[in-house]
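Trainee: Mind looking over this structure? Questions follow.
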Amino acid sequence: MIPGSFAYHRPTSVKEAVGLLARLGDDGRALAGGHSLIPMMKLRLATPANLVDLAGIAELKGIRSDGNDIVIGAMTTQHDLIGSDVLQSKLPILRETSLQVADPQVRYLGTLGGNVANGDPGNDMPAVMMCLGATYHVMGKNGERRIAAREFYQGAYFTALETGDVLTAVRIPVPPAGHGYAYEKLKRKIGDYATAAAAVVLTTSGGKVASCSIGLTNVAETPLWAEQAAKTLVGSTLDAATVKKAVAAAEAITAPASDARGPAQYRTKMAGVMLSRALKTALSRARG
Ligand SMILES: Cc1cc2nc3c(=O)[nH]c(=O)nc-3n(C[C@H](O)[C@H](O)[C@H](O)COP(=O)(O)OP(=O)(O)OC[C@H]3O[C@@H](n4cnc5c(N)ncnc54)[C@H](O)[C@@H]3O)c2cc1C
């Protein structure tokens, strides 16, 4: 399919991009890697009259440390995340997740900002960002706002972004050294979106879980932060009975659609299975 016609804009600063998007209103759309937006345009599910390409804005790229946080520019690609030494040492869950997003071809162009701004419950990064307690930096016509990932997702393709907004960066607090982590994803084949997936970050002390956070992908209209399930695990050794309770708590907040990836009940159960696996792997990696 061929997309409808559109005008192409290539700003060189965030200020210029925000000005353009604010002026164009509903007729304008930010373009990042294009690997969600262009397919939607080809299917005529999106028909923006203007594309504002963010690729020429140098300030939107790169990974830097800022105190105890890592700040990643929105136009940093999934491929860049995989190759980053600082992420590998401080936030290895991002590399593990990126390697499970689509395939190398998509990852060369697909950006972190596009993945988290898109609002598709099938995207992998949003649940990981909720798990990590990340914050999104958003520039709009009235200046910068910072929005917690846990408050950003409102429904399928509905987020806290307003017309004219550009998501400029993702700020992630670095978990303590020696933390355990895992992203477990069930997919039908390489390059597929998740049937269900679970992100876990935890710390241990004396063999017991000292802190835990859990995110779930593609088992509701939005990514999910499984707060109650994680609380259940704190103080435990991840013994079978406690894990069972946590899995039940996580499954209880899911509301997946029945689709080509399976009936809703199956996808809920797979979220539980992914969570059990992620907890086991995270515990095996934790030092504390
Ligand atoms: C074959 C295939 C398989 C895929 N499999 C997976 C998968 O397994 N897991 C997964 O997570 N993703 C998958 N994807 C999607 C891919 O990761 C996309 O690249 C990603 O979802 C969007 O990033 P992008 O940079 O391409 O954004 P774009 O497609 O350019 O934009 C997506 C949306 O976000 C908006 N947007 C983008 N950047 C910004 C910004 N900085 N500020 C405000 N709004 C912005 C755009 O206006 C648009 O609405 C797949 C894609 C393909 C083609």
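FYI, it's all coordinate maths here, none of it is from the lab. Computed from a predicted structure; not experimentally measured. So basically every Cβ, Gly included, is an ideal-geometry build from the backbone, and we count neighbours across all protein chains shown.
Trainee: Tell me, which residue of the range 135-155 that is within 15 Å of the chain's Cα centre (by Cα) and not in a strand (DSSP E or B) is surrounded by the fewest Cβ atoms within 10 Å (Cβ to Cβ)? So that I can check it myself, show each step before the final result.
Mentor: Here is the first cut: in the range 135-155, the ones within 15 Å of the chain's Cα centre (by Cα) are 135-137, 147-155.
When the remaining residues are screened for being not in a strand (DSSP E or B), the result is 149-152.
Values: A149: 26, R150: 19, E151: 13, F152: 23.
Looking at residues that are within 15 Å of the chain's Cα centre (by Cα) and not in a strand (DSSP E or B), I get E151.
Trainee: Mind listing whichever residues of the range 97-130 are in contact with an Asp or Glu (Cβ under 6 Å, 6 or more places away or on another chain) and among the acidic types (D, E)?
Mentor: The answer is none; no residue qualifies.
Trainee: Pick out the one residue from D85, D124, D69, D80 that is more than 24 Å from V14 (Cβ to Cβ), under 18 Å from the mean Cα position of the chain (by Cα) and of a type outside the set (V, I, T). I'd like the intermediate steps shown before the answer.
Mentor: Values: D85 fails: under 18 Å from the mean Cα position of the chain (by Cα); D69 fails: more than 24 Å from V14 (Cβ to Cβ); D80 fails: more than 24 Å from V14 (Cβ to Cβ).
Result of the check over D85, D124, D69, D80: D124.
Trainee: Just to be sure before I move on: is F158 surrounded by 23 or more Cβ atoms within 10 Å (Cβ to Cβ), farther than 17 Å from M75 by Cα, within 14 Å of the ligand (Cβ to nearest atom) and free of Cβ contacts under 8 Å to residues at least 60 places away in the same chain in the structure I sent? Spell out how you get there, then give the answer.
Mentor: Working: surrounded by 23 or more Cβ atoms within 10 Å (Cβ to Cβ): no; farther than 17 Å from M75 by Cα: yes; within 14 Å of the ligand (Cβ to nearest atom): yes; free of Cβ contacts under 8 Å to residues at least 60 places away in the same chain: yes.
Here the answer is no, as F158 does not meet what is asked.
Trainee: How about the range 60-80: which of its residues are among the charged types (D, E, K, R), free of Cβ contacts under 8 Å to residues at least 60 places away in the same chain and surrounded by fewer than 20 Cβ atoms within 10 Å (Cβ to Cβ)? Quick ask: steps written out before the conclusion?
Mentor: Residues of the range 60-80 among the charged types (D, E, K, R): 61, 64, 66, 69, 80.
Subsequent filtering for residues that are free of Cβ contacts under 8 Å to residues at least 60 places away in the same chain retains 61, 64, 80.
K61, R64, listed by residue number.
Trainee: If you don't mind, there's one more thing I want to ask. What's the total number of residues in the range 202-230 that are of a type in the set (G, A, S) and over 16 Å from K245 (Cα atoms)? Quick ask: steps written out before the conclusion?
Mentor: Taking the range 202-230 and keeping what is of a type in the set (G, A, S), we get 205-207, 210-211, 213, 215, 220, 226, 229-230.
Imposing the further condition that a residue be over 16 Å from K245 (Cα atoms) reduces the set to 205-207, 210-211, 215, 220.
Result for the range 202-230: 7.
Trainee: A follow-up question, please. Answer with yes or no whether G34 is at positive phi and within 13 Å of the ligand (Cβ to nearest atom).
Mentor: Details: at positive phi: yes; within 13 Å of the ligand (Cβ to nearest atom): yes.
For G34, the condition - at positive phi and within 13 Å of the ligand (Cβ to nearest atom) - is met.
Trainee: Now a separate question. Just the residues that are touching a residue at least 40 places away in the same chain (Cβ under 8 Å) and within 6 Å of the ligand (Cβ to nearest atom), please, taken from the range 21-31.
Mentor: Residue satisfying the conditions is A30 alone.
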